[in-house]
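Have a look at the structure below, then the notes.
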Amino acid sequence: MKSDVLRGQGGFTILDILVSTALGTMVIVGYLSMATFQVSTAQGQAEQVDLQQTVRDVTELFAREVRRTGSDPTCAGTFDGVDFAAYWGIRLKSDLDGSGAIDGPDESILYLYNSGNFMRYEGNSSELLISGVGWGGSRIHYFDADGEEIGGGNYPLDSDDRDEVRRVQIVLDVDRETPHGETIKAQASTDINLRNRFFVATNGCGGAA
């Protein structure tokens, strides 16, 4: 008689229903956990790709602007192509309009590490290139015509050392914590010859400060 009382009209006991419900709940929880993990992984990969692309883009922009540094088509000699140089920043000057002076907003460019940000200053305007990162091994290196690194740990470089700079290397080695608690990393580096200074050293005045 007891088994008849516990058994429903469909032939299932209360125990059967409880076990089925528990198993179903476990399956749903497992599926949701897997789906959450997959979404988090996909978001982390997207953030990794985005940070890496940003670092590469910034490196390419830096290289283009360093490469033209010291352009002085009138041979005015009124400015230093590199008038600030440290491992955390560099100011570049170029007479792009041939006026004989640095008088355009894009003729004086400052790159600067600032806490977790990498900034670019042009005239009175500023641009945030990379934000919210740890800098790891990021730094700017300076080399003379013989390939010897300038500075010896003493920064900023003085005017005599800045005059010897013929090649600049930037290393971006950054990391960032995602909203999901993961740490993503990105790296890029490039070496840039100061073409105008090499030209002057070889051919005399006609292109650099």
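Each reported figure results from applying straightforward, stated rules to the coordinates on display, with no laboratory input. None of the values given here were measured: they were computed from a predicted structure. Here Cβ is always computed from backbone atoms with ideal geometry, including for glycine, and neighbour counts include all displayed protein chains.
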Along Cα→Cβ, 7 Å out, is where each label goes; now give me the distance between the ones at Thr78 and Asn154 in nm to one decimal.
-> 3.2
If His141, His180 are placed from fewest to most neighbouring beta carbons inside 10 Å, the sequence is His180, His141
Describe numerically, in nm with one decimal, the distance between label points set 7 Å from Cα along Cα→Cβ at His180 and at Thr25.
-> 2.7
Positive end of the charge dipole of region 45-203 (Lys, Arg +1 and Asp, Glu -1 on Cβ, about the Cα centre): tell me which of Ser138, Leu157, Thr69 has its Cα farthest that way.
-> Ser138
Using a Förster distance of 30 angstrom, determine the FRET efficiency expected from the C-beta separation of Phe198 and Ser99, and round it to 0.05.
-> 0.80
Using a Förster distance of 35 angstrom, determine the FRET efficiency expected from the C-beta separation of Cys205 and Glu47, and round it to 0.05.
-> 0.10
Go through region 55-64 residue by residue and turn each phi into a ³J(HN,Hα) via Karplus (6.51, -1.76, 1.60, θ = phi - 60°); whole Hz please, and just put x for glycine and proline.
-> 4, 5, 4, 5, 4, 5, 4, 4, 4, 4
Arranged from highest to lowest average of other beta-carbon atoms within 10 Å per residue, in what order do the peptides 20-26, 57-63 appear?
-> 57-63, 20-26
For Ser189 and Ile14, compute 0.36 nm times the residue count separating them, minus their Cα-Cα distance, and round to one decimal in nm.
-> 56.3 nm
Rounding to the nearest 20 debye, state how big the charge dipole of region 33-177 is about its Cα centre with +1 on each Lys and Arg Cβ and -1 on each Asp and Glu Cβ.
-> 500
With unit charges on the beta carbon (Lys/Arg positive, Asp/Glu negative), name the residue among Phe79, Ser125, Val171 whose Cα is farthest towards the positive pole of the charge dipole of region 45-203.
-> Val171
